[in-house]
1. With +1 assigned to the C-beta of every Lys and Arg and -1 to the C-beta of every Asp and Glu, and no other charges, what is the dipole magnitude of the range 284-407 about the Cα centre in debye, to the nearest 20?
2. Relative to the first principal axis of the alpha-carbon coordinates of the chain, what is the inclination of helix 688-697, with its axis defined by its Cα atoms, in degrees from 0 to 90 and to the nearest 10?
3. Highest mean first, what order results for 647-656, 126-135 on Cβ atoms within 10 Å?
4. Can you compute the radius of gyration and Dmax for the range 670-736, using only the Cα atoms, both in Å?
5. By average Cβ neighbour count within 10 Å, what is the ranking of 306-313, 196-203, 322-329 from highest down?
6. Put +1 on the Cβ of every Lys and Arg and -1 on every Asp and Glu Cβ in the chain; which of 600, 523, 776 then has its Cα farthest towards the positive end of the dipole?
7. I'd like the carbon and sulfur percentage of the solvent accessible area for the range 99-208, probe radius 1.4 Å, heavy atoms only, ligands and nucleic acids excluded.
8. Just add up the charged neighbours of residue 81: K/R +1, D/E -1, any other residue whose Cβ is under 14 Å from the Cβ of residue 81.
Amino acid sequence: MKTEVKALVVGGGAVGTGIAYHLAKRGWDTMLLERDELTSGSTWHAAGLLPLFNMGYATTHIHKYSVDFYKSLEAETGLDAGFFVVGNLRMAQTQERMDEYMLYSTTAETAGVYHEFLSPAEIKDRWPLVRTEDLKGALFHPQDGYINPADVTMAMAKGARQRGVTIERKWQVDGYRWMGDHWRVSVTRMEDRGGNLLPTEDREVIRAEHVVTATGNHAQRTAKLLGIKIPAIPVEHQYIVTEQDPALVQWRSTNPQHPVLRDADAKWYVREERGGWILGPYERNAPARFEYGVPESFRADLFPLDLDRIEVEYMSMIHRLPSSETVGLKDDYNGPICYTPDGNPLVGPAPGLRNMWLAEGFSFGITAAGGTGHYLAQMMVDGEAEIDMASLDPKRFGNWMTTEYAARKNEEAYEHVFILHHPDEERPACRPLRTSPAYDRQKSRGAQFGQVNGWERPIYFGPLDAPEGFDHDTRSFRRGGWWQYAVDEAKAIRETVGMIDATAFAKHRVKGPGATAFLDWFTTNKLPKVGRINLTYALTDAGTTRTEYTIVRLAEDDYYLVSAGAWADYDGDFLRKSVEDMEPTFGRIEVQDVTTQWGVFALAGPNSRALLSAVIKDADPESALSNKRFPWLSARRIELGMCPVQAIRVAYTGELGWELHHPIEMQNYLFDLLMKAGEAHGLKLVGARAQNWLRQEKSYRAFGNELGRDATPLEADLPRFVDQEKDFRGKAAMQALGIRSKCVTVLIDGPADADPWGREALYTEGGEKIGRLTSGGYSVAFGKSIGMGYIRPDLAVPGTKLKVRMFRELFDAVVTEDSPYDPTNARIRQDG
Ligand SMILES: Cc1cc2nc3c(=O)[nH]c(=O)nc-3n(C[C@H](O)[C@H](O)[C@H](O)COP(=O)(O)OP(=O)(O)OC[C@H]3O[C@@H](n4cnc5c(N)ncnc54)[C@H](O)[C@@H]3O)c2cc1C
């Protein structure tokens with residue numbers, strides 16, 4: 001056996017095989033180890049559907065790549081991948097479901113995914129066995145279909161071998177040790193004995209520069225071996241196969257196969273199988289399995305069928321395909337299907353480890369295998385993928401996560417596969433869990449909460465007597481029932497004063513003799529002077545944006561870094577690894593994650609100064625918050641009543657305001673103090689939705705939307721935060737990338753009842769596709785829809801007229817100047 005490789009892939013399912021293929025294609029010396037046989041994990045019993053439909057941008061690209069790639073495999077390898085391009089018909093029983101498809105449609109256009117809309121009559125005309133009178137229509141993808149999971153895996157394996165990959169079966173990885181520049185991977189040969197797979201005495205150690213784990217249902221064992229958390233835990237998923245349906249057999253004698261049918265509102269997929277049907281439901285109460293690891297005795301086994309659990313979906317198939325009523329069941333499969341708490345796989349660098357890449361938690365692993373291989377190989381070989389893979393990054397889940405949380409959330413993710421994917425959806429399982437102290441106080445004032453990295457944070461404040469499920473019922477693809485509350489909150493910030501709980505912000509303290517030189521290299525902007533703050537960016541080595549920081553310089557070599565709340569571990573991991581790398585150059589640097597030690601209230605609005613002046617303890621309270629003593633973009637230690645506060649004069653809403661960073665244990669005291677003092681100044685509690693709209697009026701880019709690993713800060717049009725005179729990480733790569741597309745803010749004359757969500761396609765007036773929105777919402781200042789996005793650089797000029805695709809129509813939009821609201825920042829700088 002080969003004992004030295006550049007890349008070792010662990011796991012020979014569809015995903016591992018796809019990765020090995022693409023690493024070899026990029027020229028890496030690669031070996032793949034499989035403890036049993038190729039495809040013996042979940043891959044063998046998958047139904048093989050390849051749905052292009054997906055609401056996420058990165059995942060849409062991944063699925064599209066796979067579907068195109070699988071079609072090319074036979075020509076390359078001579079092996080038939082068993083791809084039946086029968087199309088995919090996604091039906092809608094309600095107008096809301098059609099709204100969902102229309103939102104999907106505009107996102108799909110940005111990724112170039114071809115699709116059509118069909119009316120019930122068109123469906124009936126083409127597939128008369130389908131009952132259509134209670135349908136509103138359907139989305140049709142003629143280019144996808146289903147594939148034989150084993151065949152496509154074998155074709156990828158053959159292609160990988162042809163490109164030099166060594167594939168070793170019956171070798172299990174039992175240990176990983178990082179040696180500073182490579183991994184020592186201990187492996188054991190496995191043997192079939194009496195139907196059991198047992199370890200032998202044969203052991204080897206492999207030296208690998210990089211390791212990728214794609215261990216499917218064994219992810220918990222992998223996590224233990226690596227000493228990290230991987231929230232990939234499988235859930236039971238079953239499908240049943242019927243006997244031949246005579247009506248289907250007869251119809252098929254003169255017609256091609258049915259497309260894969262999906263009745264999303266009935267929560268199932270159906271496809272043809274040898275004259276019968278396969279029904280795959282996503283039912284309620286499917287239990288998580290193997291929470292603490294796969295038992296040794298479980299190989300390519302299945303669980304017993306639980307027909308009762310899928311009775312409702314079974315009946316609804318009979319309703320949709322009446323001819324299936326009399327056909328019996330022929331076969332059933334109930335196997336483990338891996339999930340993660342948000343349903344997306346974990347693809348990218350492992351937390352805390354070097355050269356260790358995870359590809360775990362795939363629930364659509366057959367669909368995703370090719371694309372995952374393609375983009376992960378880009379990350380490993382080039383440093384970054386061409387699309388931002390952050391939405392799949394393993395570190396999007398914090399270290400606070402437990403097995404119990406992952407298991408229950410994964411069950412929820414499974415059950416939610418076919419729910420309406422409202423962009424304003426907040427999923428209920430395992431909540432509340434991470435709460436700031438003022439949670440109850442905010443709740444009693446009407447807060448409706450959303451979740452960010454497990455934290456509960458108010459998204460808007462609804463009625464005090466809101467019944468259970470109020471927020472659920474407000475959701476829509478158009479303006480939801482919460483919209484007016486957010487409008488009122490946004491107006492409060494523009495007209496009086498509002499307070500936002502921003503406790504979820506990620507916060508790191510970086511200090512020590514090497515801190516200044518390190519941060520100067522690590523970030524793009526000039527470092528602030530003591531007592532001042534700066535907005536700045538840390539770049540990837542590929543020159544794109546890795547993190548946005550507000551940096552507060554507390555003392556000469558002492559900094560407080562604030563970044564987006566959703567990304568605490570993602571940011572922390574990058575920061576710590578970078579510090580580790582650079583300490584020998586810059587000297588000792590201490591990094592502390594202080595996220596849970598500091599609460600944050602963001603107070604903003606024209607009355608914010610007067611409100612704070614009423615509670616500040618100072619020799620001269622009147623002048624304590626004046627421009628002279630507390631200028632814009634500075635930080636001061638102040639005392640509000642008895643609470644010591646690190647106040648920062650900055651407001652993400654673009655109004656006069658302060659962020660009040662306070663000891664978390666004093667949060668309730670501070671909350672009560674501000675609420676009481678606020679009565680005289682029109683203080684209103686404000687949620688994250690209003691904040692998201694307000695920041696767009698100021699063209700403030702949001703991390704994960706405008707800012708990510710697919711664009712540089714220059715493309716984000718933020719040259720004022722990039723000091724090109726100094727040396728910083730990623731600078732040369734950033735400059736080499738040039739300006740491929742540019743970030744703009746647009747005002748939109750959209751439909752009367754909807755705003756964009758930030759995923760819509762953008763066109764020229766002549767109908768040429770030139771970009772996409774990355775944020776969207778409503779502007780109270782302009783009384784119309786607003787959005788931010790990326791377009792062709794030559795069009796990124798104020799006044800350019802564009803079109804935005806919403807609900808299958810094109811609406812007028814115009815590129816505004818940067819910060820269309822208060823472009824000179826007069827309101828933020830206002831003295832008093
Ligand atoms: C009933 C059912 C129907 C499904 N239908 C579809 C579908 O229609 N479309 C779709 O896209 N997806 C479908 N899926 C999901 C799909 O099966 C999985 O997403 C996919 O197979 C995951 O592939 P994988 O390579 O990640 O994992 P696996 O196929 O489970 O492969 C992991 C491999 O790693 C090996 N391994 C683990 N630990 C080690 C170790 N330490 N050393 C060496 N080897 C190791 C295992 O033996 C295994 O072979 C379905 C799943 C189920 C249960």
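The values are calculated or read from the model by the stated rules, or taken from the named source; none is laboratory data. Nothing here was measured: the structure is a model prediction, and the numbers come from that model. When we count neighbours, we look across all protein chains shown, and the Cβ atoms used for this are built from the backbone with ideal geometry, even at glycine. Side chains included, ligands, DNA and RNA excluded: accessible areas come from the protein's heavy atoms. Shrake-Rupley method; radii C 1.70, N 1.55, O 1.52, S 1.80 Å.
1. 100 debye
2. Computed tilt is about 70 degrees.
3. 647-656, 126-135
4. 18.6, 55
5. Descending mean neighbour count gives 306-313, 322-329, 196-203.
6. So the residue furthest toward the plus end is 523.
7. The nonpolar share, carbon plus sulfur, comes to 43 percent.
8. Overall, the nearby charge balance is -4.
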